[in-house]
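Asks: Sharing a structure with you now.
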Amino acid sequence: QVQFVESGGGLVQPGGSLRLSCKVPGIAFRFVAMGWQRQAPGQQRELIASITDGSSTKYQDSAKGRFTISRDNAENSIYLQMNNLKPEDTGVYYCNTNILNRPSAYWGQGTLVTVSS
């Protein structure tokens, strides 16, 4: 079973920034593509950003130019730097593997991001 431990969410005003972290212990992390998914209130989870084992990145259109995904293989961790946050970025953010553009069946508790004035 894979564990995902997300952190870094919180309440932020529009235009603010947050940095999310996700630690994934116990796997051959350096060989695994990873992604951040967001579940907005009343909606399904959607992939926001992904990073390959070679650190190539992709973003959902709404995240381009504002979010940056990165990884630290020595820490078995990925990060999501979110700048210029908007109310529509509100939701629970989860990290997961992203093998063949699909998440695993395992999920962490997520971290809640609320963008509101």
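Asks: Please turn the phi angles of the stretch 42-50 into ³J(HN,Hα) values with the Karplus equation 6.51 cos²θ - 1.76 cosθ + 1.60 (θ = phi - 60°), one per residue in order, whole Hz, x for glycine and proline.
Replies: Taking θ as phi minus 60°, the curve returns x, 10, 7, 5, 9, 6, 9, 7, 9 Hz for the stretch 42-50.
Asks: Still on this structure, I have one more. Using a 1.4 angstrom probe, figure out how much accessible area the stretch 18-85 has per residue, in square angstrom, rounded to the nearest whole.
Replies: Dividing the accessible area of the stretch 18-85 by its residue count gives 51 Å².
Asks: Could you work out the relative contact order of the chain, using alpha carbon pairs under 8 angstrom and six or more residues apart, expressed as a whole percent?
Replies: Reported relative contact order: 37 percent.
Asks: Same structure, new question: Give me the percent of the accessible area of the chain that comes from carbon and sulfur atoms, probe 1.4 Å, all protein chains in place. Let's see the in-between values first.
Replies: Working: 2970 of 6300 Å².
C and S atoms contribute 47 percent here.
Asks: By accessible area of protein heavy atoms, probe 1.4 Å, what ranking do ASP61, ASP72, ASP89, ASP53 get, highest first?
Replies: Ranking ASP61, ASP72, ASP89, ASP53 by accessible area, largest first, yields ASP61, ASP53, ASP72, ASP89.
Asks: Would you kindly derive the ³J(HN,Hα) couplings of the stretch 57-69 from the backbone phi angles with the Karplus curve 6.51 cos²θ - 1.76 cosθ + 1.60 (θ = phi - 60°), listing them in order in whole Hz, with x for Gly and Pro?
Replies: Calculated HN-Hα couplings, in order: 10, 9, 9, 5, 3, 5, 9, 4, x, 10, 10, 9, 9 Hz.
The values are calculated or read from the model by the stated rules, or taken from the named source; none is laboratory data. None of these values were measured; they are calculated from a predicted model. Areas reflect the complete protein model, heavy atoms only, side chains present, ligands, DNA and RNA absent. Shrake-Rupley method; radii C 1.70, N 1.55, O 1.52, S 1.80 Å.
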